[in-house]
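Heads up: the structure comes next, in structure tokens.
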Amino acid sequence: MPITVTRLTEPDIPGVITCIQTAFAQDPYNNWVFDAATFSPTRNAVSLTLRCKWGMQHALFFVAKDPSSSTPDQVLGVACWLAPRDPSAPQTWSEWAGDWWLWFSQVRMNLWYGRGGLNVRRYWIWKAAQAQAQAELWDDGKGYYFCNIVTVLPEAQGKGIGKVLFKHVTDLADEEGRKCYLESSRAEPNMAIYERMGFELRREMVCDDEGEAITLYCMMREPKAVGS
């Protein structure tokens, strides 16, 4: 399977949404933060579309495809990385404008579609836990390549697509001497897969809503010598 990895373009967005919604249907975090009874795939698709459009300008957003298949334009895998930045540096005008565009777009979405099953209290429990974990772990002034999302269609898993998506950025991190970071919602089998790509568990992040809790696994990858 000759996989190609390219930057996300607008025509890819429907395929990205299908890939994410399909792959995350049984994800522990997804099932914790969304109420299955009131979950709205339509509202979720709008939310993901906004994230994709923001990510095309402000993130490293990649899609994986198999050009030799009968469906060469099908998105088989997705990865969105946030680029490293100096936490002490002021936000650029572009970053400021992008963040405000996303915020206003999400407000408008919520007014039109509602929350779509999102448990807002749990969302903020997660955000607080994430902020605490990153404050404890992120101590490198060079910043981190943060793997915000990576996923592969279930029928395409086990074929090395995830590895190719990771390598696209970890090679860059190695060239720049920067660390990579991710937060996995599953201990098994995800952690073993990430460990084979050089990541190590640094911290468990517990998100607890009055006894209903999930654990996320904060993993770090040290830069490797180029050519090793």
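The values are calculated or read from the model by the stated rules, or taken from the named source; none is laboratory data. Because the structure is a prediction, the values reported are computed rather than measured. A quick note on method: Cβ atoms are made from the backbone with ideal geometry, for glycine too, and the neighbour counts reach across all protein chains shown.
Within the stretch 60-90, the set of residues being in contact with a Lys or Arg (Cβ under 9 Å, 6 or more places away or on another chain) and either over 28 Å from C19 (Cα atoms) or exposed (fewer than 14 other Cβ atoms within 10 Å of the Cβ) (or both) comprises T71, P72, D73, D86.
Restricted to the stretch 132-155, and to residues there that are over 15 Å from S184 (Cβ atoms) and among the aliphatic types (A, V, I, L, M), the residue that is surrounded by the most Cβ atoms within 10 Å (Cβ to Cβ) is L153. Of the residues examined, G158 is one that is surrounded by fewer than 17 Cβ atoms within 10 Å (Cβ to Cβ) and at positive phi.
Do we find that T6 is at pLDDT 95 or above and assigned to a helix (DSSP H, G or I) in this structure?
Working: at pLDDT 95 or above: yes; assigned to a helix (DSSP H, G or I): no.
Answer is no for this residue.
If you scan the stretch 171-203, which residues turn out to be assigned to a helix (DSSP H, G or I) and under 18 Å from G141 (Cα atoms)? Full working, then the answer.
First, the residues of the stretch 171-203 that are assigned to a helix (DSSP H, G or I): 171-176, 190-196.
Those that are assigned to a helix (DSSP H, G or I) and under 18 Å from G141 (Cα atoms): L172, A173, D174, E175, E176.
Condition first: crowded, with 17+ Cβ neighbours inside 10 Å and free of Cβ contacts under 8 Å to residues at least 40 places away in the same chain. Now tell me which residues in the stretch 201-228 satisfy that. The answer is Y217, M219.
Applying the selection to the stretch 20-59, what residues are of a type in the set (S, T, N, Q) and either in a helix (DSSP H, G or I) or within 27 Å of W96 (Cβ to Cβ) (or both)?
Within the stretch 20-59, the first condition is being of a type in the set (S, T, N, Q), and the residues that meet it are 21-22, 26, 30-31, 38, 40, 42, 44, 47, 49, 57.
Residues satisfying the conditions are Q21, T22, N30, N31, T42, N44, S47, T49, Q57.
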